[in-house]
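The values are calculated or read from the model by the stated rules, or taken from the named source; none is laboratory data. For clarity, every value in this text was computed on a predicted model and none was experimentally measured. Cβ coordinates were reconstructed from backbone atoms using ideal geometry, including for glycine residues, and neighbour counts include every protein chain displayed.
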Amino acid sequence: MNSSLRFKNPVRLGHITPEKIRKFQPTLMFWGAGAAGAVGLFLSSIPIFKHDILHKVPIINLYFQDNTPDCDKPF
Amino acid sequence: MALSLTRINLAPSSRALASGLPVSAVNHALKGIQAGGHGSGHAADEHGHNGPRKDAIPSWVARQSGSMHVSRAVPRSTGIYQPRYFSTSARSLRETTSIPDFTPYLAKSPNTNRSLQYFMVGSMGLLAASGAKSTVSDILSNMAASADVLALAKVEVEMSAIPEGKNLIVKWRGKPVFIRHRTADEIEEANKVDIKTLRDPQADDDRVQRPEWLVMLGVCTHLGCVPLGQAGDYGGWFCPCHGSHYDISGRIRRGPAPLNLEVPAYTFNDDEEKLVIG
Amino acid sequence: MNTPLEHPDPSKLPKLQLFYNTFVRRNSVFVSSIFLGAFAFSITFDLATTAFWERHNRGKLWKDIRDKYVKTGEEED
């Protein structure tokens, strides 16, 4: 047996280890929420983003739905 | 001494009385200097008829002391001018260093100021982000095609003009559009394919609104050639440029193209038996 | 932090200090709340201005007068 056997965490990516990720988890979650908010804000006038995402969010979709009746749309 | 500068500000030679009359205080003294000491003849001098101007700068004022010199005598204004020889203002006698009491204005704690500053910064960021988004989206919506242009950019196709099992190619916004009236066998063939084996997995139902009508952009997703209809190994379309084979649903089956043929937005107008693309 | 953020009695905390403790202590929370707040603000601002506009022009808008022109049942175009 190798006497200098040491335990080494097999899962790591450079300096990023699961322990560090766990430590930063709340912060990362908040940053993720912020990024989601920024994307939602800046893409909220793009039709495909409206159709694919904003129409499926429970409360917000009331604002983004187009309530114009079809007979009022000339084109 | 190579250069000497002499500047002399002359005392006010005259001033105005409250009545507006000019009064000269210096003339008598200057006159005495210039006239060489004899101060007689007052009566002629006061009317200014006797010789040069009495308050002219005397020659001895500019001292000659080197190879070059500049003499600049600046006489003061002779207009309405009230020299102030000493201050009689009572205000100037007061204590001028009394400092007001600022303690009511001081923050109770430094936390208050800091919180307020962060609050203002946050509010500013909030409004700026919202305004930036609105500005950008308004500018971009200006560049988008307006509704009347979009209305003209539609193509209507008579559905009865395409018999079952035939293709029609129409030009729409500069691109060819394939319309195929599919037979029941072709629909069955398109639905039979296991979509898990496809490069761009997509069910036939997702690509058509009505199974018998297949509408696609006739632009190969590889490099933009126009595929040939009713050709290729899968009974659909075949791109002659680099050999991409599309099946009867327009899905890529073999060759370099990465994606299925694109499906444009289209609607059916059943009243007039028309297919409206756009 | 030159001053302690904890307060002896949290119920007596000034509102600004409460704001600071909630939003500003983490930069991630600060930035996230700015973007989410901007999203909410843009919606509420639009709703508020639209509501004002429709109240100001009540009776003149298409949705108010369309009953006079569009007969339900026989729709033209």
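I'd like the full set of residues that are over 47 Å from the mean Cα position of the chain (by Cα) and polar (S, T, N, Q), limited to the stretch B:245-278.
B:SER249
Taking helices (runs of 4 or more DSSP H) that fall entirely within the stretch B:131-240, which contain at least 1 residues that are small (Gly, Ala, Ser) and either assigned by TED's automatic domain parsing to the domain that holds B:ASP271 or closer than 25 Å to A:PHE49 by Cα (or both)?
It comes to B:147-152, B:184-192.
Name the residues in the stretch A:25-57 that are polar (S, T, N, Q) and either surrounded by 15 or more Cβ atoms within 10 Å (Cβ to Cβ) or facing another protein chain (nearest Cβ under 8 Å) (or both), would you?
A:THR27, A:SER44, A:SER45
Among the residues of the stretch A:7-19, is there at least one that is surrounded by 12 or more Cβ atoms within 10 Å (Cβ to Cβ), at pLDDT below 85 and β-branched (Val, Ile, Thr)?
Kept after step one, since they are surrounded by 12 or more Cβ atoms within 10 Å (Cβ to Cβ), are these residues of the stretch A:7-19: A:12, A:17.
Subset that is at pLDDT below 85: A:12, A:17.
The next check asks that each one be β-branched (Val, Ile, Thr); those that pass are A:17.
Yes, the conditions are met somewhere in the stretch A:7-19.
Restricting to the stretch A:16-68, what's the tally of residues that are over 28 Å from B:LYS133 (Cα atoms) and not in a helix (DSSP H, G or I)?
Going through the stretch A:16-68 one residue at a time, the tally reaches 3.
Within the stretch B:210-238, count every residue that is more than 46 Å from the chain's Cα centre (by Cα) and not acidic (Asp, Glu). Before the answer, list the steps.
First, pick out the residues of the stretch B:210-238 that are more than 46 Å from the chain's Cα centre (by Cα): B:210-214, B:227-238.
Within this subset, residues satisfying the condition of being not acidic (Asp, Glu) are B:210-211, B:213-214, B:227-232, B:234-238.
Matching residues across the stretch B:210-238 total 15.
Looking at the stretch B:227-247, which of its residues are buried (at least 24 other Cβ atoms within 10 Å of the Cβ) and closer than 19 Å to B:PRO201 by Cα?
B:GLY236, B:TRP237, B:SER244, B:TYR246 - these are the residues of the stretch B:227-247 that are buried (at least 24 other Cβ atoms within 10 Å of the Cβ) and closer than 19 Å to B:PRO201 by Cα.
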